[in-house]
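One structure below.
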Amino acid sequence: LFSAITMAPRDPILGITEGFNADKNPAKVNLGVGVYYDDNGKVPLLECVKKAEAILMEKFAPRTYLPIEGLAAYDKAVQELVFGADSAVVQEKRAITAQAIGGTGALKLGADFLKRFAPDAQVWISDPSWENHRALFESAGFTVNNYPYYDAATRGVNFSGMLNALNTMPAGSIVLLHACCHNPTGADLSDDQWTQVIEVVTARGLVPFLDMAYQGFGDGIEADGKVVRRFAEAGGALFVSNSFSKSFSLYGERVGALSIAASSAEEAARIMSQLKRVIRTNYSNPPIHGGQVVATVLSTPELRQLWEEELAGMRVRIREMRAAFVAKLKEKAPAHNFDFVTQQRGMFSYSGLTKEQVEKLRDNNSIYAVDTGRICVAALNQRNIDAVIDAIAAVL
Ligand code: LMR
């Protein structure tokens with residue numbers, strides 16, 4: 001059985017962390033994975049999380065099984081965050097939300113559910129997209145296609161290409177869209193462009209699947225989540241995966257959710273009954289701790305306020321690092337223009353570095369980035385930025 005098994009390649013993102021962890025150079029820098037580090041180079045444990053954990057700890061509550069769809073208080077709080085408590089979908093009970101094992105788990109639940117009920121549909125993801133999108137939908141059995149997205153010449157979005165592609169997809173096609181902070185490019189659509197996308201998706205009967213893993217890292221919680229609400233208002237089937245890995249710095253707790261908006265409460269109930277079967281046959285029910293922490297923070301006004309402040313702090317620090325990155329490169333590599341880095345949103349910059357340059361950074365300086373040139377700006381800090389800039393200037 002085992003002799004015929006070939007070695008699989010390392011994961012394009014998490015495989016970088018494996019290489020980084022094995023590197024003995026004390027000056028190593030991991031700009032690969034999408035993780036926020038503070039200015040001391042540490043993954044923060046948010047104050048709001050500490051306070052919520054203190055409240056939970058005092059309860060010494062038993063660790064019983066959660067319901068298949070997760071903690072009710074969590075699902076409710078997440079649904080209100082995602083769609084808005086006063087939105088029509090929430091008020092009319094047309095939305096369902098199930099706790100998931102991180103954003104990836106939410107995508108997988110959505111993919112397995114869709115494969116069951118739309119087996120002949122094809123999936124469309126942006127070119128480029130998060131590496132795992134293709135792998136995940138393919139492993140659920142779908143054919144995965146790309147729609148044009150990034151325009152390397154303008155460092156922005158090839159919007160006419162994207163719109164043309166949407167206009168030619170067969171009805172029922174599943175379109176994966178990044179709600180904010182596009183991963184890997186950092187290039188987002190404008191409000192006006194979203195209006196056009198929503199129009200086409202609705203008119204052609206496409207199935208939008210919004211992936212929102214970085215809410216709060218672009219322009220703020222409200223602003224980043226706006227497109228989800230706009231899609232929900234447009235009516236039609238809607239899938240939303242969201243994650244608290246980054247926004248709560250709860251990476252290892254695997255806290256995310258899948259929300260689906262339907263056209264009636266009765267339809268939503270049927271959807272939930274089937275989604276529960278998908279969950280039950282995958283992992284039965286989700287773990288308890290991370291969901292309790294997020295539910296406690298979101299539903300306790302002082303903690304929620306604190307969370308919003310802490311998230312804003314992370315967002316501002318990333319912006320500062322973008323500005324410093326551009327200013328320092330202007331000095332060290334004046335022939336190259338990196339101004340676009342300050343326009344990009346979220347944790348990432350599609351830096352334009354080639355695979356060869358990325359390899360040189362790794363081999364010469366123990367600086368790790370994704371082969372595509374994606375760098376995690378959220379891993380830069382006052383201590384490592386000069387070394388990173390010198391190394392990039394040397395490979396340019
Ligand atoms: C990333 O893109 O680096 C993050 O979403 C982490 C991951 O799971 O790939």
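The values are calculated or read from the model by the stated rules, or taken from the named source; none is laboratory data. Computed from a predicted model, the values in this text were never measured in an experiment. Cβ sites come from the backbone with ideal geometry, for glycine too, and all protein chains shown count toward neighbours.
So the values come out like this:
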quantity	calculated
Strands (runs of 3 or more DSSP E) within segment 201-292 that include 2 or more residues touching a strand residue (DSSP E or B) at 6+ places or on another chain (Cβ under 9 Å), under 30 Å from K59 (Cβ atoms) and not aliphatic (A, V, I, L, M)	238-243, 255-261
The listed residue being surrounded by fewer than 16 Cβ atoms within 10 Å (Cβ to Cβ), assigned by TED's automatic domain parsing to the domain that holds A295 and among the hydrophobic types (A, V, I, L, M, F, W, C), out of A95, A111, A73	A73
Close pairs from segment 340-360: first without any contact (Cβ under 8 Å) to a residue 24 or more places away in the chain and part of a loop (DSSP other than H, G, I, E, B), partner of a type in the set (G, A, S) and away from the ligand (no atom under 16 Å from the Cβ), Cβ under 6 Å, at least 6 apart	none
Subset of segment 110-130 (residues that are within 16 Å of the ligand (Cβ to nearest atom) and touching a helix residue (DSSP H, G or I) at 6+ places or on another chain (Cβ under 8 Å))	A111, I125, S126
Count of segment 124-180 residues which are surrounded by 18 or more Cβ atoms within 10 Å (Cβ to Cβ) and in contact with a Gly (Cβ under 6 Å, 6 or more places away or on another chain)	1
Qualifying position, being within 19 Å of L107 (Cα to Cα) and more than 22 Å from the chain's Cα centre (by Cα), among S259, S273, S247	S273
Sole residue being at pLDDT below 95 and surrounded by 14 or more Cβ atoms within 10 Å (Cβ to Cβ), chosen from G220, G256, G236, G225	G236
Segment 114-123: number of residues that are assigned to a loop (DSSP other than H, G, I, E, B) and either crowded, with 19+ Cβ neighbours inside 10 Å or in contact with a Lys or Arg (Cβ under 7 Å, 6 or more places away or on another chain) (or both)	1
Exclusive hit being out of contact with any His (no Cβ under 7 Å at 6 or more places or on another chain), more than 16 Å from the ligand (Cβ to nearest atom) and among the aromatic types (F, W, Y), set F239, F217	F239
Selection status of A327, surrounded by fewer than 22 Cβ atoms within 10 Å (Cβ to Cβ) and either over 18 Å from E18 (Cα atoms) or not β-branched (V, I, T) (or both)	yes
Candidates I318, I375, filtered to the one that is under 19 Å from G19 (Cα atoms) and either within 16 Å of the ligand (Cβ to nearest atom) or modelled with pLDDT under 95 (or both)	I375
Long-range neighbours under 7 Å by Cβ, at least six apart or interchain, first residue on the phi < 0 side of the Ramachandran plot within segment 1-22, second hydroxyl-bearing (S, T, Y) and not in a loop (DSSP other than H, G, I, E, B)	I16/Y368; G19/Y368; F20/Y368
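Listed here are the residues, each with its yes/no results for (1) more than 18 Å from V35 (Cα to Cα); (2) away from the ligand (no atom under 16 Å from the Cβ); (3) β-branched (V, I, T); (4) surrounded by fewer than 16 Cβ atoms within 10 Å (Cβ to Cβ).
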residue	(1), (2), (3), (4)
R322	no, yes, no, no
Q343	yes, yes, no, yes
T354	yes, yes, yes, yes
E359	yes, yes, no, yes
N364	yes, yes, no, yes
